[in-house]
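The values are calculated or read from the model by the stated rules, or taken from the named source; none is laboratory data. Every value quoted in this text rests on a predicted model; they were computed, and no experiment measured them. Cβ: placed from backbone, ideal geometry, glycine included. Neighbour counts: every protein chain shown. Calculation scope for accessible area: heavy atoms of the full protein, side chains included, ligands and nucleic acids excluded. Shrake-Rupley method; radii C 1.70, N 1.55, O 1.52, S 1.80 Å.
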Amino acid sequence: MNVGIVLGTRESTPFEFYIEVDGNQTLQVDDIIVTTCEYPRFGRVTFYGIVDQAMSRLEGLETNEQARFHSQGLFDANLTYYCHIVVTRTLAEDGSSPKIPPRPGSEVRLADERDTELALYFDKMEKRKVPCGLLSNNTPAYLDLDFILGIKGGHINISGKSGVATKTSYATFLLYSYFSNLQEIKRTYPEVGLTNTHAVIFNVKGEDLLFLDTPNSKLSDKDRKMYEAMGLKAKPFESVKFYAPPRPKRGQYDAILPNTESRLKGVNVFAWTMREIGEEDLLWYLFSPKDLSDTSQLYLAIRIATNWLNRELKDGLKFQSIKSMIQTLEESIEDVMGRVASGTRDAFMRRLYRAEQEIGPLIVPETLPFDVETESYSIDWRSAQVNVIDIHKLSPRAQYFTVGAVLKSIVEEKEKTGTPWPLVFIVLDELNKYAPLTGDSPIAETVLDIAERGRSLGIILIGAQQTASEVTHRVVSNASIRVCGNMDASEAEHSVYDYLGSANRKRVQYLTPGQMFVYQPGLPQTVLVQFPMPAWATRYQESRESDYIPEDFTIDIMEEMGKE
Amino acid sequence: MNESLAIDFIKKLRAHQIWWDDSVREPINIKEDIPPADVETNVEISGEWKAIETEKIDHRKKIVIVDGVRRIDAHLILGDAGKSALLGEFAVGAFSLEDGKVIERIVECVIVLPPGISSSHPLSIGKAEYIPFSGGDSTEEGLYSSFIQRMRERERTLAFEFSRSGYTVIADGPLQVPFSEVGVTLGFIKSIQRYYLYGKYWDTVLSLRRGERTPIFLIRTGEDLPPKYSWYLRLKEPKYFESPFFGLVRLEAPSNLDIEYVKSLAQFAGGFLPYIISSSTLSSRAPENLAPLESLERRLRAMFHPADHIRATLRQLIAQAYEEVK
């Protein structure tokens, strides 16, 4: 469908040009257009581009007064409607991409599905792609798997305001898209086919992700059609395992139950024993980044304490809680930390007590009364495709500990196996907390390590944050794919969002839930995509009228207790 | 092809010198072209001559304003006999008040040749095709007058076409004869270059307030020219420091119309035109230049071919013509 012509009154360049829209046509920002011109040296050359600004004005008028006369029907003016186009691709008949401008006056048409593929290089991705949403013309947009799986690049970074930008929904949608296409991906990438792919999602807000395996009963037809348009089934995740911290116990003999509200069934408890903390070298994570930045000597104290703990454990000592460890340590503090200045020692102990209060509930005794061994509450991310770790109820310090401990164990496990396969996706929100722009901490180091080495380890970070400007640049810059949802225009001015381009920068504050700007290498322009509502329930209400009906929580709890 | 024809044309004319002078002024006598006039002041009222009030009206249906603009592109000196030719272009068009826009635009390029020299094909300079025709005489004024006359004929034809389709036409400038081919057309004369009224009648003209008009009078200008109805109208009152002519216009209507009908036209003009005047920021001829007239003129001028391009191409063609002669 012809929509206008290439404008001759504004410069056309190989990278951008303007078009005048026909009087009976409408073109909007994000539309994809095509124009073809003949050039002596290159033959027929086709230009593909995206509308990034649409403008209208009364041409030929110089003053507001004339415009007023025009509105009174006393002054003629040419009502012009024109659009700025960012060229995404130029294609000559021989497949080359000459850097030439489109010719003014050339007819411009709206891109059809095939044109869209060419315009956004989806044809070059061949089968190495997964859908990442719908473009404004309702055709699917794709991500290049080479830039996700760590072949040419890896990691995805998502920015946006909490609540409006739907960052977590988008991250889970991308995972869903990936897992839905897994069979095809395995055919395209044989190395992926040898193993499964896993995902670890940290749930930081509400119990949004506790129903990933349950259909969303409130899903609209419109959303279903969106899934369909991308070749996806509107279904929940098939293989999910949920982990939640233990419910605070009132008595010593209370059962260890997950601390969740809307769902108990099928939720596993994650917790650590002091032995695991010692052996896995997790003592570091009991201290918040702020603790560590306050006293630089603390590192030494932690190192010494870790060595002491492991010695004691080797000697057969069993600590049932952090508290018992602290008490034992305090008794022999002079011997253990003789080398550490007393001020640092005090600071260390103070913080350890503080950690005990907040992280204590995550520690389970190594043995139950009568020396019965405690079952393992560790997280086995290989046992399900998607693993949701609910940390939203934990205090910040306990969140640091959990994220730090889990990431560390994954990295170490992968290092040990020496192969990137199976691939594991890590979905982590609030990166500004874990890898802030300034300050150094063990958890920041781990996140940075994943960002920089993760590709070779087969760990792909889908990181998210409200403000990328507050996250260590190396984490963001290592993400091949960058996504941006609704955010303040002032935030978008930071250089970390340069990929948006000037026109899109102004638009971020207007994005609605479900709309994302997606940037990926190989494409000169960020594209706006719309993704559907999750096909899985994101809260209890959405899970009703479906297979999963926890009619009464009490019964659930009784059942769980019965198992114990 | 066009180029070689143009070179032939230039060779034939022996055009060997060109100049362009935007300052060439229209000879004063072709603005209002009529010798002493005989005026009848009692065609509308027989008693005391005084200003007539009009009531504001916003009637735009089937009303068009017709106007033309012109530009001299070049003068050519032909041979060595002191003869010259004139290249110019004009555009005529119509602004529909009903649509609020220009609905007709025609541009024409002409080369006015002195009597005795003719050509059967046009002179192409770039995309402009100058149609040759012979002027009344070989003086500069004569050529210019012929050029203006041709434009006015086009204006009259356009006005008549609209008039025939049931439009009331307001045409810029004095009415063109013959009136039988004018239809319902009002001549709109912005510049008062000639007084048709004297004494107490002229006092009435100067005392007009906004929206007031004089009674209709009849102008007879000669045996061979039909008389026409006319009246003065104040579009805007002058401030204390402004000329008493400020905001004053004269209108004309063909005398073959019924006087009662002309009266209704005069009332309409008085109730409508003062409210569509331009401002001093809009037009250098404000307020007499109506806003739609200014708009139309701008849109018409935009149709002219780029002057510098015309001149450069013409210079080149002449050079080529002489190159071949050499």
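Condition check: more than 14 Å from chain B (Cβ to nearest Cβ), at pLDDT below 95 and either open to solvent by 10 Å² or more (accessible area, probe 1.4 Å) or farther than 20 Å from A:Gln530 by Cα (or both). Does A:Leu149 satisfy that? Answer is yes for this residue.
Give the residue that is farthest from the other protein chains (Cβ to nearest Cβ), with candidates limited to residues of the stretch A:20-75 that are over 18 Å from A:Leu118 (Cβ atoms) and of a type in the set (Gly, Ala, Ser). Restricting to residues being over 18 Å from A:Leu118 (Cβ atoms) and of a type in the set (Gly, Ala, Ser), the top hit is A:Ala54.
Can you pull out the helices (runs of 4 or more DSSP H) entirely within the stretch A:243-323 that have at least 1 residues that are in contact with a Gly (Cβ under 6 Å, 6 or more places away or on another chain) and touching a residue at least 60 places away in the same chain (Cβ under 8 Å)?
Details: elements: A:274-279, A:289-294, A:298-314.
Fully inside the stretch A:243-323 and qualifying: A:289-294.
For B:Ala91, the test of being outside any loop (DSSP other than H, G, I, E, B), within 14 Å of another protein chain (Cβ to nearest Cβ) and under 23 Å from the mean Cα position of the chain (by Cα) is passed. Being open to solvent by 40 Å² or more (accessible area, probe 1.4 Å) and part of a helix (DSSP H, G or I) is a description that applies to A:Arg68.
Yes or no, residue by residue, for (1) open to solvent by less than 60 Å² (accessible area, probe 1.4 Å); (2) among the hydroxyl-bearing types (Ser, Thr, Tyr):
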| site | (1), (2) |
| --- | --- |
| A:Lys408 | yes, no |
| A:Glu412 | no, no |
| A:Thr417 | no, yes |
| A:Leu428 | yes, no |
| A:Asn432 | yes, no |
| A:Pro442 | yes, no |
| A:Arg453 | no, no |
| A:Val476 | yes, no |
| A:Arg482 | yes, no |
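Taking the condition of being within 13 Å of chain A (Cβ to nearest Cβ), more than 20 Å from the chain's Cα centre (by Cα) and in contact (Cβ under 8 Å) with a residue 60 or more places away in the chain, how many residues in the stretch B:264-323 meet it? So the count comes out to 3.
Pairs linking a residue in the stretch A:152-165 that is open to solvent by 10 Å² or more (accessible area, probe 1.4 Å) to a residue that is of a type in the set (A, V, I, L, M, F, W, C), with Cβ atoms under 6 Å and 6 or more positions apart or on different chains, are A:Lys161/A:Met487. Scan the stretch B:94-112 for residues that are touching a helix residue (DSSP H, G or I) at 6+ places or on another chain (Cβ under 8 Å) and either touching a residue at least 40 places away in the same chain (Cβ under 8 Å) or within 12 Å of chain A (Cβ to nearest Cβ) (or both) and the total you get is 11.
Any idea which residue in the stretch B:285-303 is surrounded by the fewest Cβ atoms within 10 Å (Cβ to Cβ), counting only those that are of a type outside the set (D, E, K, R) and touching a helix residue (DSSP H, G or I) at 6+ places or on another chain (Cβ under 9 Å)? Only one residue tops the list, namely B:Ala286.
Screening the stretch B:65-76 for residues that are out of contact with any Pro (no Cβ under 9 Å at 6 or more places or on another chain) and not charged (D, E, K, R) and picking the one that is farthest from B:Leu296 (Cα to Cα) gives B:Leu76. Within the stretch A:300-332, being closer than 26 Å to A:Pro246 by Cα and polar (S, T, N, Q) holds for A:Thr306, A:Asn310, A:Gln320, A:Ser321, A:Ser324, A:Gln327, A:Thr328.
Which members of the stretch B:94-114 meet the condition of being under 30 Å from B:Ile57 (Cβ atoms), in a strand (DSSP E or B) and either open to solvent by 10 Å² or more (accessible area, probe 1.4 Å) or not aromatic (Phe, Trp, Tyr) (or both)? It would help to see each step written out before you state the result.
The initial filter retains those residues of the stretch B:94-114 that are under 30 Å from B:Ile57 (Cβ atoms), namely B:94-105.
From what is left, the residues that are in a strand (DSSP E or B) are B:94-96, B:101-105.
Correct list: B:Ala94, B:Ser96, B:Lys101, B:Val102, B:Ile103, B:Glu104, B:Arg105.
Might you check whether a residue that is open to solvent by 50 Å² or more (accessible area, probe 1.4 Å) and in contact with a strand residue (DSSP E or B) (Cβ under 9 Å, 6 or more places away or on another chain) occurs anywhere in the stretch B:146-159? Yes; the residues of the stretch B:146-159 include at least one that is open to solvent by 50 Å² or more (accessible area, probe 1.4 Å) and in contact with a strand residue (DSSP E or B) (Cβ under 9 Å, 6 or more places away or on another chain).
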